[in-house]
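This report refers to the structure that appears directly beneath it.
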Amino acid sequence: MASISNISIDQGATYSTSVIVAAPNASTTLNGALTNNATTITVYSTVGFPDVGTITIGSETITYTGKSSTTFTGATRGASSTTAAAHLTSAAVTYTAGAVNLTGYSVVAQIRKNYGSSTATAFAATITNATAGEIALTLTDTQTAALSDGRYQWDCKITGGSGTVTRVIEGIATIKPSVSRS
């Protein structure tokens with residue numbers, strides 16, 4: 001899920017950007033038959049699936065509100081005008097790439113001189129549109145003024161309701177001294 005984004009920040013100026021968190025396609029199979037009214041779906045693995053999302057089994061669309069390593073919980077069957085149906089063991093369960101619904105997630109983003117640095121500057125990181133997977137990141141003019149010019153490492157991580165921490169974006173930040181002054 002992590003992408004690379006190298007950014008350039010003017011020293012002494014406010015820096016703002018936003019990112020959309022997207023998950024790639026994911027698939028697994030049912031680990032047991034599924035009745036048409038089950039609200040917990042047991043699969044072989046939920047690795048690669050977001051903590052909250054929408055899956056497809058056959059022609060049925062199902063939304064879910066949580067997951068463990070082998071289950072999707074809080075399932076709403078027959079979502080998106082599909083019909084809830086029973087499914088056989090080993091039926092394919094898929095997630096189609098798209099924005100991750102960040103409802104129930106928290107976010108943190110930091111910039112450091114290098115990976116081993118003990119000091120960090122925290123971005124103001126806010127989920128601005130949870131259902132669209134949108135996060136706003138801001139460093140104030142005071143924060144950027146306190147950073148020496150040069151190259152830094154930065155990243156942004158989300159934590160889901162299940163406690164899963166995922167780095168969604170990372171890269172190099174170049175702090176440039178300001179040329180124009182008033």
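The values are calculated or read from the model by the stated rules, or taken from the named source; none is laboratory data. Fair warning: this is a prediction, and the values are worked out from it, not measured in the lab. In this analysis, Cβ positions are derived from the backbone assuming ideal geometry, glycine residues included, and neighbour counts consider all displayed protein chains. Surface areas here come from the heavy atoms of the whole protein model, side chains and all, with no ligands, DNA or RNA. Shrake-Rupley method; radii C 1.70, N 1.55, O 1.52, S 1.80 Å.
Express the carbon and sulfur contribution to the solvent-accessible surface of segment 1-135 as a percent, rounded to the nearest whole number, probe 1.4 angstrom.
Result for segment 1-135: 52 percent of the exposed heavy-atom area is carbon or sulfur.
With the chain treated as a Gaussian network of Cα nodes joined by springs under 10 Å, which of A99, A38, A23 yields the largest mean-square fluctuation?
A38
Using only C-alpha positions, report the orientation-averaged shadow area of the convex hull of segment 56-110, nm², one decimal.
Mean shadow area of the hull around the Cα atoms is 5.2 nm².
Cα extents of segment 91-164 along the three principal axes, largest first, in whole Å?
On the principal axes, segment 91-164 reaches 55, 25, 20 Å in Cα extent.
Run the helix sum for the chain: -39,500 (n - 2.57) per DSSP H stretch of 4+ residues, divided by residue count, reported at 222 nm to the nearest 500 deg cm²/dmol.
-500 deg cm²/dmol
Under 1.5 on a/c is rounded, so check that first for segment 1-51, then, if it is not, pick prolate when a/b is larger than b/c and oblate when it is not; a ≥ b ≥ c are the square roots of the alpha carbon gyration tensor eigenvalues.
Prolate.
At a Cα cut-off below 22 Å, give the lysines reachable from K157, other chains included and same-chain residues fewer than 8 away excluded.
Within the straight-line limit of under 22 Å, K157 reaches these lysines: K67, K113.
Count charges around Y115 for me, please; just the other residues with Cβ under 13 Å from its Cβ, Lys/Arg as +1, Asp/Glu as -1.
Result for the neighbourhood of Y115: +2.
Would you mind working out the accessible area per residue for the chain, using a 1.4 Å probe, and quoting it in Å²?
Per-residue accessible area for the chain comes out at 51 Å².
Sorted by accessible area (1.4 Å probe), largest first, how do R77, R167, R151 line up?
R151, R167, R77
Taking the Cβ of V93 as the center, what net charge do the other residues with Cβ under 15 Å away carry, scoring Lys and Arg +1 and Asp and Glu -1?
Neighbour charge sum, excluding V93 itself: +1.
Given a Förster distance of 25 angstrom, what is the FRET efficiency for R167 paired with A33, based on the Cβ-Cβ distance and rounded to 0.05?
It comes out at approximately 0.10.
Using only alpha carbon pairs under 8 Å that are at least six residues apart, calculate the relative contact order of the chain and give it in whole percent.
Normalised by residue count, the contact order of the chain is 30 percent.
In segment 5-109, which chymotrypsin sites (Phe, Trp or Tyr not before Pro) are in a loop and have at most 14 other Cβ atoms within 10 Å, using DSSP for the loop call?
Y44
Once every Cα of the chain carries one equal point scatterer and solvent is ignored, give the base-10 log of I(q)/I(0) from the Debye formula at q = 0.14, 0.15 Å⁻¹, two decimals.
With no solvent term, the Cα-only Debye profile gives -0.77, -0.84.
Pulled fully out, how much extra length does the chain show between T94 and Y44, if you take 0.36 nm times their separation in residues and subtract their Cα-Cα distance?
16.8 nm
Taking Cα pairs under 8 Å and at least six residues apart, what relative contact order does segment 74-127 come out at, in percent?
23
What is the gain in length, in nm to one decimal, between A145 and N6 on full extension, counting 0.36 nm per residue of separation less the C-alpha to C-alpha distance?
Gain on stretching A145 to N6: 48.1 nm.
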